[in-house]
Amino acid sequence: MTPETFRNWLAERGCTFEQTERQRGQGVASVIVRCGSRRSELPNASSRKDLEDEEVRRIMDDLDLPYDELPGPQSRV
């Protein structure tokens, strides 16, 4: 799943996003995703590179959102 598709899906469910700032040499900047009182960190990856399934599942678990409602193949269930 592309990061853009995932972010749009999260936004439709009321999630908000905060850009973190990293100093040079301290790794990749990331985005904090908040859904109610829960939060998770989404790597600020290139929109051309798909997110790994494990990463998407971790974020979904952190935010307590149902993984099987994601757009795409229904084989995720």
Legend entry - Which listed residue is surrounded by 12 or more Cβ atoms within 10 Å (Cβ to Cβ), at pLDDT 90 or above and out of contact with any Asp or Glu (no Cβ under 7 Å at 6 or more places or on another chain), from ILE32, ILE59: ILE59
Inset, instruction - Tally the residues that are at pLDDT 90 or above, among the basic types (Lys, Arg) and surrounded by fewer than 15 Cβ atoms within 10 Å (Cβ to Cβ), restricting the search to region 1-29. - result: 1
Inset, instruction - State all residues of region 62-77 that are modelled with pLDDT of 90 or more, assigned to a helix (DSSP H, G or I) and of a type outside the set (A, V, I, L, M, F, W, C); if no residue qualifies, say none. - result: ASP62
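The values are calculated or read from the model by the stated rules, or taken from the named source; none is laboratory data. What you are looking at is a predicted structure, and each value in this text was computed from that prediction instead of being measured. Don't worry about glycine lacking a Cβ; one is built from the backbone with ideal geometry, like all the others, and counts go over all protein chains shown.
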